[in-house]
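The values are calculated or read from the model by the stated rules, or taken from the named source; none is laboratory data. Just so we're clear, the structure is a prediction, and the values are computed from it rather than from any experiment. In this analysis, Cβ positions are derived from the backbone assuming ideal geometry, glycine residues included, and neighbour counts consider all displayed protein chains.
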Amino acid sequence: MNVEKTALDGVLVVTPKRFGDLRGFFSETWNQSLFAEKGIDVPFVQENHSLSRSAGTIRGLHCQAPPRAQAKLIRVVRGRVVDVAVDVRRGSPSYGKWVSVELSAENGKQLFVPVGFLHGFATLDADTEVLYKCSDFYAPECEASVRFDDQEIGIDWGVEPGKVVLSDKDARAQTFKDFLSPFVFEVTP
């Protein structure tokens, strides 16, 4: 397994090994002890599976506030996405900054997004399927959403603005300026 740091502390790109032959490939996408050795020591309790019918579908930007905050491990099993994490830990030197990674069924990459970050993705292909593990259960009363196209953040989703497909909830999301982050940056030794 290859683990790469990103420009945002704690956000990691994980590429599990693939073992291929004439049948296809085998890949171990989650192994608690191996991931813990690499610094991802998170007790995942829920896995979600989404299907986006149209290219240009954007899901996000979302997070859950404490006490139900979630870390996520995201991977694509069909199609391609631009996966995005935004640092929303108040006091962080990278507050409001974002990183994006192309995840695809072909490249096998996964993105680990720790607690304290907004998360979202844009589909680049029709009929894209995404699986993501979460470190806490879905709690709608703790959920927050920020507009995907907020100019203060300035994310390049790789999707033409007129072709974006959103849920009603994401279309009504608040601006970054109005988002009061429940997360605080903590320096770890």
- [ ] Scan Arg80, Arg90, Arg53, Arg59 and give me the residue that is more than 23 Å from Val187 (Cα to Cα), touching a Phe, Trp or Tyr at 6+ places or on another chain (Cβ under 7 Å) and of a type in the set (Lys, Arg).
- [x] Arg59
TODO: Would you point out the residue of segment 1-22, among those that are in contact (Cβ under 8 Å) with a residue 40 or more places away in the chain and under 15 Å from Arg75 (Cα atoms), that is surrounded by the most Cβ atoms within 10 Å (Cβ to Cβ)?
DONE: Val11
TODO: Give segment 63-90 a look and list any residue that's part of a loop (DSSP other than H, G, I, E, B) and in contact with an Asp or Glu (Cβ under 9 Å, 6 or more places away or on another chain), or say none.
DONE: Ala65, Pro67, Arg68, Ala69, Gln70, Ala71, Gly79
Open item on the list: Being at pLDDT 95 or above, among the hydrophobic types (A, V, I, L, M, F, W, C), in a loop (DSSP other than H, G, I, E, B) and more than 14 Å from Val11 (Cα to Cα): is that true of Ala144 here?
Closed with: no
- [ ] Among what's in segment 154-168 and is of a type in the set (Gly, Ala, Ser) and either without any contact (Cβ under 8 Å) to a residue 60 or more places away in the chain or touching a Gly at 6+ places or on another chain (Cβ under 6 Å) (or both), pick the residue that is surrounded by the fewest Cβ atoms within 10 Å (Cβ to Cβ).
- [x] Gly162
- [ ] Would you be able to tell me the number of residues in segment 33-59 that are surrounded by 13 or more Cβ atoms within 10 Å (Cβ to Cβ), charged (D, E, K, R) and within 23 Å of Lys163 (Cα to Cα)?
- [x] 1
